[in-house]
Every structure is written in structure tokens, then in C-alpha cells.
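This report refers to the structure that appears directly beneath it.
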Amino acid sequence: MNIATLPVVSRDNLRDAILSHLAYSFGKTPETAQTQDWRMALSYAVRDRMVEAWFDATRRTYDAGAKRVYYLSMEFLIGRLLEDGIVNLQLLDQARGALDELGLDFANIVGDEPDAALGNGGLGRLAACFLESLSTLGCPAMGYGIRYEHGLFQQSFAEGRQMEAPETWLLQRHAWEFERPESRYRIGFGGSVSDEAGKAVWTPAVEVDAEAFDTPIAGWQGKWVNTLRLWSARAVHPFDLDSFNRGDFEGAAQPEALARTISRVLYPDDTTEQGKELRLKQEFFFTAAALRDILRRFDSEYDDPGLLPSKVAVQLNDTHPAIAGPELVRLLHDERGLPFDDAMGIAQGCLNYTNHTLLPEALETWSEGVFGKLLPRHLQIVDRIDDAHAKANPSRSLSIRADHQVHMGELSFIMANRVNGVSALHTGLMKETVFEELHALHPEKIVNQTNGVTPRRWLLSCNPRLSSLITDTISDGWVADLERLQELEPHVDDAAWSDRYAEAKRANKADLASWLSDTHGLKVDPEAIFDIQIKRMHEYKRQHLNILEAIAHWQEIKDNPSADWTPRVKIFAGKAAPGYFFAKDIIRLINDVARVVNADPETRDKLEVIFLPNYNVTLAERLIPAADLSEQISTAGKEASGTGNMKFALNGAPTVGTLDGANVEIRERVGAENFFLFGMTADEVDARRAVEDHARKAIEADPRLARALKAIGDGVFSANEPDRYANIVENLSGHDYFLVCSDFSDYWRAQREVDAAFADRSAWTRMAALNTARSGWFSSDRTIRGYMADIWDAKGLV
Ligand code: CBF
């Protein structure tokens, strides 16, 4: 089918399709249908409209003999898909109209969809934005990951403490996936390797099946649809008949239970090396299944494995799929008989690796014991890769296997054609730190691709008011070409336009205020600055710097309650890894501070602190359009890029931030005068750490900081347990690795500049509008074009 002939869908067509699915797919009448039935019927009606373009994309890829991109990621934080699909297929008016006619509320129906949280944070959400941009650009691509039964845990608070409960997205009906029982691969673990006539033969001890589930991912206007293929683990034999016949029913069910463990739960942390055998199993499971699938597809078109690098580009999203290197070599060498060097060369021609963090604890390593037990043949291959690399680079002093550990970063680097960082600063630091030696040996390998976010979800869909204003002003070309937002710039000094911009923000804030009231019983003043920090809880992200400043601010307001304070609502949201106790203490502290500060009649109308539970993609979509101020306050050198920072800027929230990750590039683009900069640079951070007693010195130099810390230490926020936060106070006044104290004074200064700037509302609106107009470069379409040109050598077909 040709794109030009995509059927036009009217409101009536869509209504009929919904009613038809309601009856024939779900067996319900409009009278008996529940919200979930309507949501499923609407989703199926929308999904039907993707299928033709999906087939067409596959056909055209085969016809063109095009190179395919495969994005391997442990995480795809896709969130809800229904509204996204409706928006991309441009069916919003029809869907609203059809539901209206059926007496249904659009927001209620799309809000019924579970938020698929198959990821932890930045890296997983980036993967989801990339899939959408790949489809928008018509790049033949496929995402491969794990179909976790339970995604990221659900967070609630009990007396301010984080409580975790399993996430259950699959218990509610899910409309988007197509089960593919025919795409099933047997994946082995453990066992032994024998030598048969000079050939290594791996005999695994345990095997499971990987079964595919496909989700279509439609790009903008539905012109191209790619696939997200997630693997579910299944037992080779569903149950053990012998045990069953003996009456051992539990034993009979064991094979299935054991197999399913592999795809049962998402590890709730992407920055800590888990050291768990199950994690390595998960990594091998989905990577091995993906590679087998890729080779099967390749074999259906070509006979010569030498063509692989020109037809296949595999992107390793962090080191999690790094086992792809040895596994691809094994498949080509052991199973297809290619000479080892050829197999290694071909694998190196196909694989590429994205590094997402320099945090030492996040650079995966596996003990040789665990690795060798689970993947004995792969350990041998790792050694051969290492030897081959050492032979070709005799000056190399490090190796993949060192200190009885297998270093997955080294392995990924050596096996990759290109290695990329995710912001200019991060890429530079990669060259100077973790990969210094490898970079010196292979200076052409490291390239930068600064992250981006999809404008369809993160502006068009989540912020309809601002989107309409933009479209009214410059027409709708910006949706597929975000840099066209620059065309807004001449309008920022037009008072009438600026009023409309301010009105969109005001209305978004009013919506958020009503939602906070309806769902959380919280009353906020929409006239206050909405100051938002939403992200994973981590010491390097410094939510504790933010709450310290809030405490100092509260104390200062109390000192002088009648001064002209700019009212502020500080909103936090984010999950802490269940085993990260310090981060959980920070959550509790913020909740305790919120309880005390919000109950203070003297300050109540000037400062409010809120910690919203269960941060997820849907909550981000609600908060970001209503934000006035974006908190991006990590210790310089620690946040590889950030993508929340881009979403806020795009939606007109200036940043208060450090020169870290992509903040640097955001500031360059939006202009220094539209960004509240504070804090040390990455170089200064290193120098400051070397100063003896740096925290004590910073505290002595800033009475506000000293007083805020003292209040925490004295139990002002935890009266029934005064030493509850002794740990935090000790940490901050002791070694304070993340330099919260050293950056405090400058952060305080920047925040007061924010207060002053916000008081001049038209100047603030101008600043917000310039953030929108100048953030177009942070589209994931731009990022994906960069990957296509610099890393994959792939072409778009639309
Ligand atoms: O590149 C995407 C994001 O990845 C992280 O979340 C990660 O490593 N898990 C980084 O921490 C972010 O800076 C980055 O934006």
C-alpha cells in the first residue's frame, strides 16, 4: 500500500470500529461494557489502523534490501500507548468525537490504560523515544527487550517512608501486543564445553524458550510502523508429566515456574551492579534470542555472512546486552563454521555501544565464577577476543578479564564499531576517564550523540494548549521538524502572543492544581512558582540539596514573614531503588519536611513542599506542562545527559541547574540569560573534593546551610525520633562526596534570582517562551538522524 492511500478515518468509521470490536473481540454490548472494555475496543480500532502501514514497512524494507537497525535494550519505558497512537495517527478529533457520541469521556478511557513501566528511568525512556523517532523517520528498525511480567515497582508512602509493591501491568488487559508463538528460540545456560575434532561444542545444562510478543510502534502520521519485540521466557516442556503422575503437583509445575523467573521482574535499578546470576541470565536470554532472530531474518535474504555489517546494525543500549559480542561470534564461528577472526570482524562491524553513565558502580562486571558457570563457552570466547585485541594492540595494559571479573564496558568497547556518549560533556569525560586507554588506541570509535525526546509525546500530546498556540503561530510543520520552533522567536516580544503563551501555562497549572486537590487532597496556589524535580532518587541528582534549600528558605520566611516573598510550590517525585537506603532516607526527609512546612500557618501561602508517589511516564506528562522551573542540580560530571531537562525546557520551564550532562547544551541553545546557572564545573568538582574538610568549611561559611542542617539534626522535622536523619547530617557534614554543601550557597543565590525574575511576570514569560523556541534541537528525531549517519549508516524510507 502506498502512504498516499492511507484510508481517511472519520469519526463515524471509528465509532463503528469501536462498537464492532466491543461486540466481536470482547463479547460486550454498550450496555454491559465496562471502562476497560471500551478502552480495549478503542485500542483495537486504533491498532487496526496501524497494521497496513506495518505490513507495508516490512515489504518495503525487503524490497529495498535496506539495512536494518536493531536496538537491544533491557528497558523500554513505553508508558501508555493509546493516546500516543491516536495522536500519531492524527485521530484525536475523531476519537474524542466518537467517544462523545457513545456517551464516554476520552480522558477517562485513555486514563484506564496501565502505564507500562518496563524500565527504570532515563535509559529506558530514551529507548522508547528512539523507537518512535525511528518510525517517524522511516528507518527500518526493531527494538528487542524483555516482556517483564512485573515492571518497575509501585511506590507508596507510609509515614513518609517508601513502600514497594509489585507492578502488575499485565493483569489488566493489554491491547498492543501480538503473540508470536512461531517465533520461539531455545536458549541454553550452564553445562560444559567439549572439544569435538578441534571444534568447541557447548552442551547447556538448562534450556528455556524465548517467545516473541510484538508491539507495533507508529511514527508521526502513521506513515511507517516498526516493531518492538519483547521476549517472554517459557519452559521447554510446560510441565513435568512424570512428577504429575506421581502426584507431585508442585514438582510438576516447577519447570514452567523456573523458566518464567527469567522474564518475571525488572531489576529496579539501572545504576547499581547487581551481581546477581538472574540478571546475567536475563541479559543473555533476550540478547541471544534477538541475535537468533536477526540472523534468521538475514538468512532469509542473503547467503553470505560477510554481508552482515552492511545489512545489520545492532545498538547495545548500555552494557546490559554486551554479551551480544561473544554470542554473535559463537553463532558465526561455532555454529556456522566461520574462522574465528572473520566471525569477530563481522560482529565488530555490526555492533555499536551506547554508554549512559560513568558512575563506577554502574559499569557492569561479572565474577568469572558466575559468568563461567552460566556461560562457559562465552568465557572462552571472551578470552579469545581479549587475546586477539591484545595481539593487535600490544601497548594495551588493561584486559576484559581483570581482578577475576569480566568487564562488560571493555568488552562492549572492543566489540563495537562505534561507541557513543549521550551528551557532549559526557562523551568528553568518557574519553578522559573510563575509556581513556581504549580511546587512545581507537580514537575513531567514540562519537557523541546528545540525547533527545520525541516531540509528539513530550509536547504535542502532553501539552495541547501550548501545541495549539505553536501550530496557530507557525503551522504544524514543527511536529516533524522541531527546529522550526525557532520561528516562534519573533513573537516573544509581541504582547498579545505572549499573553496567549502565559495563558496556556496558567491553564496547565490550574489543571494540575485541580488534579492535586482531587487526587491527593492538596491545595496549591496556581500563582506560585511551580518548581519541579522529578527523576530517580540518587545522591548525585541531589534531591537533598533541593530540600536543604527549601528548609533554609522556610526558616528565612519565618524570620521575616511580612517580606515580599515569591510564593513557591516545590514538587518532587521519584523512586529509590529498594536497596538504596540513603535515597530512601532522602524521600522520607522530604516527606517529613513537607508535613511540617505545609502545616505552618506563618509560611503556608509562601512555600509548600509536595512529594508525589509513584512517579511514572504518565505523571511526568501531567507535571511537565505545568512547570515553571526545572530542577537539574546534579553534581557536575555525574549526570550523563538527562532527558527530563529537555522536556521541561521544551514546555517552557527554565532550568535552575549545574553545568552537567545536556544542561550544558541546553544553556548554550536557550541562552545563558534564560537559564539559572549555579555550582561547580566538573573540573572544579574534582579539585574541591581534594580539599580537606570541604564540607565543614562550606557549612562554616554559610550560616543558612548550618541552620538548615541543624534543624534536621535537632529533629525539627522528626520530633518523635530526633536522630532519624543523623545519617544524612553526618554524611553531608562529613565526606559529602556529592558536594551538596559546597554548592549550597550558589544554589541559594540562583534560587533567589529565580524569585526575583518570576516577580516580573512578562519577563518570565519571555524567558519561558524562548526556552520553547530554542529547544527544537533536543528532538529525538535529530538524535536518531545522528545515529543513522554517524553510527549505523542506515537510511530512512519515508
Ligand atoms: O541516556 C539516557 C539516560 O541514561 C541514564 O538514565 C542512565 O544511565 N541510566 C543517565 O543517568 C541519564 O543521564 C541519561 O540521560
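Derivation of every value follows stated rules applied to the coordinates shown; laboratory data play no part. Every value quoted in this text rests on a predicted model; they were computed, and no experiment measured them. A quick note on method: Cβ atoms are made from the backbone with ideal geometry, for glycine too, and the neighbour counts reach across all protein chains shown.
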| note | As a percent rounded to 5, the proportion of antiparallel DSSP bridges among beta bridges in the chain is 45
| Stretchable slack from Glu444 to Glu730, in nm (0.36 nm times residue separation minus alpha-carbon distance) | 98.4 nm
| said: Testing the spin-label approximation: label points 7 Å from Cα along Cα→Cβ at Ala165 and Ala756. State their distance in nm. | reply: 4.8
| said: Show me, for the range 204-218, the HN-Hα J-couplings you get by feeding each phi into the Karplus relation (A = 6.51, B = -1.76, C = 1.60, θ = phi - 60°), rounded to Hz, glycine and proline as x. | reply: x, 8, 10, 10, 9, 9, 9, 10, 8, 10, 9, 10, x, 10, 8
| field | Sum of side-chain charges, Arg418 neighbourhood, beta-carbon under 12 Å (Lys, Arg +1; Asp, Glu -1) | value | -2
| query | Using 0.36 nm per residue, how much length does the chain from Arg595 to Phe239 gain when fully extended, once their Cα-Cα distance is taken away? | reply | 122.9 nm
| said: If packing is taken as the average number of other Cβ atoms within 10 Å across a peptide's residues, how do 767-775, 691-699 rank, most packed first? | reply: 767-775, 691-699
| remark: Placing each pseudo-label 7 Å from Cα in the direction of the beta carbon, Glu684 and Asp12 end up separated by a distance in nanometres of 6.7
| note | Sparse-neighbourhood loop hits (GluC sites (Glu not before Pro), the range 304-388; DSSP loop; Cβ within 10 Å at most 12 others) -> none
| remark: Non-local residues with an amide H under 5 Å from the amide H of Ser779, with H modelled 1.01 Å from N and Pro and chain starts lacking one, are Val453
| field | Reachable lysines, given that their alpha-carbon falls under 23 Å from the alpha-carbon of Lys710 and they are not under 8 places away in the same chain | value | Lys541, Lys558, Lys570, Lys584, Lys606, Lys697
| Qualifying lysines (Cα of each under 16 Å from Cα of Lys199; at least 8 residues distant if same chain) | none
| In nm, to one decimal, how far is the modelled label at Thr471 from the one at Glu527, with both set 7 Å along Cα→Cβ? | 3.3
| Does anyone have the angle between helix 703-713 and the longest principal axis of the chain? Alpha-carbon axes, 0 to 90°, nearest 10? | 70
| Among 635-643, 514-522, 259-267, 51-59, how do they line up from the highest to the lowest mean number of other beta-carbon atoms within 10 Å? | 635-643, 259-267, 51-59, 514-522
| task | Report, largest value first, the span of the C-alpha coordinates of the chain along each principal axis, in whole Å. | result | 88, 70, 62
| request: May I ask you to list the trypsin sites (Lys or Arg not before Pro) in the range 479-536 that are in a DSSP loop and have at most 14 other Cβ atoms within 10 Å of their Cβ? | output: Lys523
| said: Which residues among the range 192-212 fall inside the zone where the amide N is under 16 Å from a point 7 Å beyond the Cα of Phe340, along Cα→Cβ? | reply: 193-202
| request: Quick one: dipole size for the range 458-778, taken about the Cα centre, charges +1 on Lys/Arg Cβ and -1 on Asp/Glu Cβ, in debye to the nearest 20. | output: 700
| message | Along the charge dipole of the range 458-778, pointing to its positive end and built from +1/-1 on Cβ of Lys, Arg, Asp and Glu, which listed residue (Gly715, His694, Ser641) has its Cα farthest out? | response | Gly715
| request: Compute the FRET efficiency between Ala701 and Ala563 as 1/(1 + (r/R0)^6), taking r as their Cβ-Cβ distance and R0 = 25 Å, and round to the nearest 0.05. | output: 0.55
| task | Using only Cα atoms, tell me the angle between helix 277-299 and the longest principal axis of the chain; keep it within 0 to 90° and round to the nearest 10. | result | 60
| message | Please report the net charge: other residues with Cβ closer than 13 Å to the Cβ of Phe530, K and R +1, D and E -1. | response | -1
| field | Dipole axis of the chain (+1 Lys, Arg; -1 Asp, Glu on Cβ), positive-most option in His538, Val422, Phe582 | value | Val422
| Distance between the range 115-174 and the range 543-617 - C-alpha centres, whole angstrom | 28
| MRE, 222 nm, helices only [DSSP H, n ≥ 4, -39500 (n - 2.57), over the chain, to nearest 500] | -14000 deg cm²/dmol
| query | Any idea what the dipole of the chain comes to, in debye rounded to 20, about its Cα centre with Lys/Arg Cβ at +1 and Asp/Glu Cβ at -1? | reply | 680
| Cβ-Cβ FRET estimate between Glu602 and Asp93, R0 fixed at 45 Å, reported to 0.05 | 0.35
| query | Say R0 is 22 Å: what FRET efficiency, to the nearest 0.05, do Phe55 and Arg180 get from their beta-carbon distance? | reply | 0.90
| request: Starting at the first residue of the range 606-623, write each ³J(HN,Hα) from the Karplus equation 6.51 cos²θ - 1.76 cosθ + 1.60 with θ = phi - 60°, in whole Hz, x for Gly and Pro. | output: 10, 8, 9, 10, 9, 10, 8, x, 6, 4, 8, 4, 4, 5, 4, 5, 7, 7
| field | Built amide H within the under 5 Å cut-off of Ser641, gap 5+ | value | Ala662
| request: Would you mind putting 376-382, 785-791, 113-119 in packing order, based on average other-beta-carbon counts within 10 Å, highest first? | output: 113-119, 376-382, 785-791
| said: Between 0 and 90 degrees, rounded to the nearest ten: what's the tilt of helix 249-261 against the longest Cα principal axis of the chain? | reply: 70
| field | Sequence-distant residues sharing a close amide H with Ser183 (under 5 Å, placed H) | value | Ala212
| said: Report the Cα centroid-to-centroid distance between the range 499-526 and the range 59-74 in angstrom, as an integer. | reply: 44
| request: Provide the gained length on full extension for the span Asp723 to Ala392, in nm with one decimal, where the gain is 0.36 nm per separating residue minus the Cα-Cα distance. | output: 113.3 nm
